[in-house]
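**Q** Encoded as structure tokens, here's the structure I'll be asking about.
The values are calculated or read from the model by the stated rules, or taken from the named source; none is laboratory data. None of these values were measured; they are calculated from a predicted model. Backbone-built Cβ (ideal geometry, glycine too); neighbour counts: all protein chains shown.
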Amino acid sequence: MSDRQGKVVHLMETNTNTETHTETTAAPVARYAELQALVAGMAADFQKFYQDGNKAAGTRVRIAMQELKTLAQAIRTEVQAIKNGGQASNGSSEESESESEPS
């Protein structure tokens, strides 16, 4: 595909893997569904920005990408807490210690 200046623009490819995994709890499935919904919601704005050059759609893409970043960080923190035996992120992990301020 190409934009108006003749440059080749590649659209985001979708994952065609349709395998489903059975989880023992609803939380991981809910988090994954939340992630999928956020990414799927960006598709129209990606197309409008990259194909049509719609600047407002580009702004919406940037906002959605920031939301994705925030969600990803929340999931990373949650996974780390579960991995460390269900401990809450209260400065007990190495990652939290490096980010905490000296007292």
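**Q** Pick from the stretch 18-57 the residues that are assigned to a helix (DSSP H, G or I) and in contact with an Asp or Glu (Cβ under 8 Å, 6 or more places away or on another chain): which of them is modelled with the lowest pLDDT?
**A** Of the stretch 18-57, the ones assigned to a helix (DSSP H, G or I) are 26-41, 43-52, 55-57.
If we keep only those that are in contact with an Asp or Glu (Cβ under 8 Å, 6 or more places away or on another chain) as well, we get 29, 31, 38, 50-51, 57.
Numbers: V29: 86, R31: 91, L38: 94, Y50: 96, Q51: 96, A57: 96.
Only one residue fits best here, namely V29.
**Q** Considering each of I63, I82 in turn, give the residue that is within 22 Å of Q36 (Cβ to Cβ) and at pLDDT below 95. Please lay out each step first, then the result.
**A** Values: I63 fails: at pLDDT below 95.
It is I82.
**Q** Any residue in the stretch 24-51 that is among the aromatic types (F, W, Y) sitting within a Cβ distance under 7 Å of a residue that is surrounded by 14 or more Cβ atoms within 10 Å (Cβ to Cβ) and modelled with pLDDT of 95 or more? List the pairs, counting only those 6 or more apart or interchain.
**A** Once the first residue is among the aromatic types (F, W, Y) and sits in the stretch 24-51, its partners that are surrounded by 14 or more Cβ atoms within 10 Å (Cβ to Cβ) and modelled with pLDDT of 95 or more give F46/V61; F49/A57; F49/G58; F49/V61.
**Q** Still on this structure: Which of the residues that make up the stretch 34-58 are in contact with a Lys or Arg (Cβ under 9 Å, 6 or more places away or on another chain) and of a type in the set (K, R)?
**A** Passing the criteria: only K48.
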